[in-house]
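The values are calculated or read from the model by the stated rules, or taken from the named source; none is laboratory data. Treat the numbers as computed from the prediction; the structure is a model and nothing was measured. All Cβ positions, glycine included, derive from the backbone under ideal geometry; neighbour counts span all protein chains shown. To get the accessible areas, we keep the full protein, side chains included, count just its heavy atoms, and leave off ligands, DNA and RNA. Shrake-Rupley method; radii C 1.70, N 1.55, O 1.52, S 1.80 Å.
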Amino acid sequence: MHYALLVMGAPYSHQAAHSALRFAQAIIRKGHHLDAVFFYHDGVHNASTLMSPPQDELHMRNTWVELHDAHGTRLEVCIAAALRRGLLDAQEAKRHAKTAHSLEAPFELTGLGQLLELQRQCDRLITFAP
Amino acid sequence: MTADLLVILRHGPYGSSWLREGLDISLVAAAFGQKVSLMFLGEGVLALMPGQVKGAPGQKATAPIIDMLTMYDIDRLLVCRDDLQRMGLQAEELCVAVEVISGENISAELTHHSNVLNF
């Protein structure tokens, strides 16, 4: 079955993103396909390149990236929700005259239309929200 | 079962951005040609209060978006009867025309829609 996840919880604040990650790993183990994870609302913080948790804690961004590297899962971030929360890739940082950026590949800034497209294409879209 | 989208809104206009971001995707879906229904549950019914002004410092009001819904052909606004009563409101005093539904109708709507987003 083709799955997509909608993550709306910030890492380290709520369980939502952590549960989403475990769910992602479980469905892949069961032989399903996880097409994409879409980050919206406070979930966009999962994409922060600058995230620096203590070394003995799970690094959420890197774990999402491992999922992408191993299984080709796309990591899509709502651009409107991201920009107002300070999550900008190099291109957006330049456009807004910022001295730094905080979002990098394999995370991609994309529009809400992409979330609707995922909902249409996949057999299941599962929401994880606080 | 229809491919139409049901967006459930359970948060009031102030105190968080849940309502605003739920309305945002409703407008995008409508602009993409999807038939969108909104269901206001719990504190979400407060989104339909008349006479709203700007929110907490820096927060844009959501009431103008509610006023715009008909322009996007989003005209099916479902409100739970029990939640209206709990908030001491009557359907006639809300800022837009709504369809008042019972608790049983909620599960029927959920079954009817293949696409549901919950805010």
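So, in region B:45-68, of the ones that are exposed (fewer than 14 other Cβ atoms within 10 Å of the Cβ) and either within 14 Å of chain A (Cβ to nearest Cβ) or part of a helix (DSSP H, G or I) (or both), which residue ends up farthest from the chain's Cα centre (by Cα)? Step through it out loud before you land on a result.
Keep residues of region B:45-68 that are exposed (fewer than 14 other Cβ atoms within 10 Å of the Cβ), which gives B:50-51, B:53-54, B:56-58, B:60, B:64, B:67-68.
The next check asks that each one be either within 14 Å of chain A (Cβ to nearest Cβ) or part of a helix (DSSP H, G or I) (or both); those that pass are B:58, B:60, B:64, B:67-68.
Details: B:Gly58: 22, B:Lys60: 17, B:Pro64: 13, B:Asp67: 12, B:Met68: 12 Å.
The selected residue is B:Gly58.
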Review point. Out of region B:77-117, which residues are of a type in the set (S, T, N, Q), touching a residue at least 12 places away in the same chain (Cβ under 8 Å) and in a loop (DSSP other than H, G, I, E, B)?
Key: B:Ser102
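When you look at B:Gly42, is it open to solvent by less than 30 Å² (accessible area, probe 1.4 Å) and touching a Cys at 6+ places or on another chain (Cβ under 9 Å), yes or no?
Values: open to solvent by less than 30 Å² (accessible area, probe 1.4 Å): yes; touching a Cys at 6+ places or on another chain (Cβ under 9 Å): yes.
Criteria met by B:Gly42.
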Point to revise | region A:88-129, residues that are under 21 Å from B:Val28 (Cα atoms) and away from chain B (no Cβ under 14 Å) | key: A:Glu108, A:Leu109
